[in-house]
1. For residues that are assigned to a loop (DSSP other than H, G, I, E, B) and at pLDDT 95 or above, scanning just the range 229-266, find the one that is surrounded by the fewest Cβ atoms within 10 Å (Cβ to Cβ).
2. Name the strands (runs of 3 or more DSSP E) wholly within the range 81-180 that hold at least 3 residues that are open to solvent by less than 40 Å² (accessible area, probe 1.4 Å)?
3. Which of the numbered conditions does I193 fail, given that it passes all the others? Conditions: (1) over 18 Å from P313 (Cα atoms); (2) among the aliphatic types (A, V, I, L, M); (3) modelled with pLDDT of 95 or more.
4. Can you tell me how many residues within the range 181-204 are under 30 Å from D342 (Cβ atoms), in contact with a Ser or Thr (Cβ under 8 Å, 6 or more places away or on another chain) and not in a strand (DSSP E or B)?
5. Just to check your reading of the model, which residue among N368, N276 is open to solvent by less than 50 Å² (accessible area, probe 1.4 Å) and at pLDDT 95 or above?
6. Among the residues of the range 313-354, write down those that are outside any strand (DSSP E or B), modelled with pLDDT of 75 or more and of a type in the set (S, T, N, Q).
7. Name every residue in the range 66-106 that is on the phi > 0 side of the Ramachandran plot and touching a residue at least 40 places away in the same chain (Cβ under 8 Å), in order of residue number.
8. Could you check, for the range 214-225, whether at least one of its residues is closer than 24 Å to W374 by Cβ, among the basic types (K, R) and surrounded by fewer than 18 Cβ atoms within 10 Å (Cβ to Cβ)?
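The values are calculated or read from the model by the stated rules, or taken from the named source; none is laboratory data. Being a predicted model, the structure only gives us computed values, none of them experimental. Neighbour counts run over all protein chains shown; Cβ positions are idealised from the backbone, glycine included. The protein model used for the area step is the full one, side chains on, heavy atoms only, and it has no ligands, DNA or RNA in it. Shrake-Rupley method; radii C 1.70, N 1.55, O 1.52, S 1.80 Å.
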Amino acid sequence: MKHIRQILLLSLLVFDNSCITPFIPKTNEDKELLVVEGLITDQPGANTIKLSKSLPLGTRNVATPVKGCTVTISDDLNNIFSLSETVAGTYVTDPSVFQGVVGRFYTLHININASDNNHNYESDPIEMKPVPPIDSVYYQKVTIQEGPDNSASQEGCQVYLNTHDPTNHCKFYRWEFTETWEFILPYTVPNKICWISDNSDMINIKNTSIIAEDKIEQYPLNFISNETDRLRVKYSILVNQYSLNEDEYLYWEKLQNLSEQVGGLYDMIPSAVPSNVYCLDDPNEKVQGYFSVSARSSKRIFIRDHFAGVVNPYTDAVCIADTIFGGAAIPNLNIWVWVIIDQPTPPPGFQVITRTKGCYDCTVRGTNVPPDFWTENN
């Protein structure tokens, strides 16, 4: 009887697995949609428009760049500015010719220039609204877990933002940020100190049109956990604040709702989020993405503080190396082994070898060239 139960159970498992097939819902949408990612501001420097093609539902979502397009931006004074393609699918403005102006309306124009699809696309005219300065960016320590002593405690860092607009012109806000942090290897090696920069991948937006005063206080911009080494030495965050019109705010709000969903069968799909770019030759063709026009204000802060329980990715258990002594370099080492230090002289000479190169060479993770804004005084 025991063997019969085992056979029946095995049969059920095999049958159950054989009946599991991927479900891809049928849609009326195009297999490939044009995806537009673009932002122009009132700040000096190049502005970038990225064009790509989405893939059908159920396939790996890796967009392919759209090359060889003619991309221009026009304003309400009939000025036309051409963009040049720097890498495949990336088009940039000429900083010496174009810089956004608050109060002007801008329209994006795209011609695909493809033999199988020579369609023209255009955005709605978007006004560049003014944006107030950021009042302050600051942080507070957050206790993640208390311990019987300091060594067992764990702390994180919550970054907040305050801003307000006394003119009440800016009712819809969006923020992006870039994190930069210094890390130091706990070994005496040539590439010991490096820096890493990382752009935000979250949507931060706020609507003040429903409150009496256009004022934002203690907005939780970013939480830094103790599970990375961002807070071990010194950390900096550069925050960019953008002004939005109501339509763009609704676009980001829908994307935010989408990103927070688990991904069930009846959840929104990205093409359900309306774009402000449309096809002139085929009104039924859908376009993904958004052409953003916004003034920008920025503020940077540095954090150099002690946070309990911050992870150390370079423990002795992880970073294993060995030292070979000898008067000459050791030739023909296995390709999976790196020579971190080669010091054949003075006698007896030595080599430090390892299979975990990142533990003894910080350039595996970052750059050993400090950022321009990184000084001892900040």
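1. Pass one, the range 229-266, residues assigned to a loop (DSSP other than H, G, I, E, B): 229-233, 245, 261-266.
From what's left, at pLDDT 95 or above: 229-233.
Values: D229: 19, R230: 25, L231: 24, R232: 19, V233: 14.
Checking each candidate, the answer is V233.
2. Working: elements: 84-87, 90-92, 105-111, 120-123, 134-145, 154-164.
Those strands (runs of 3 or more DSSP E) span 90-92, 105-111, 134-145, 154-164.
3. Of (1) over 18 Å from P313 (Cα atoms); (2) among the aliphatic types (A, V, I, L, M); (3) modelled with pLDDT of 95 or more, only one is false for I193: (1).
4. 1
5. On the way: N368 fails: open to solvent by less than 50 Å² (accessible area, probe 1.4 Å).
From the options N368, N276, the qualifying one is N276.
6. T315
7. Let us first name the residues in the range 66-106 that are on the phi > 0 side of the Ramachandran plot, namely 68, 78, 89, 103.
Selection gives G68 alone.
8. no
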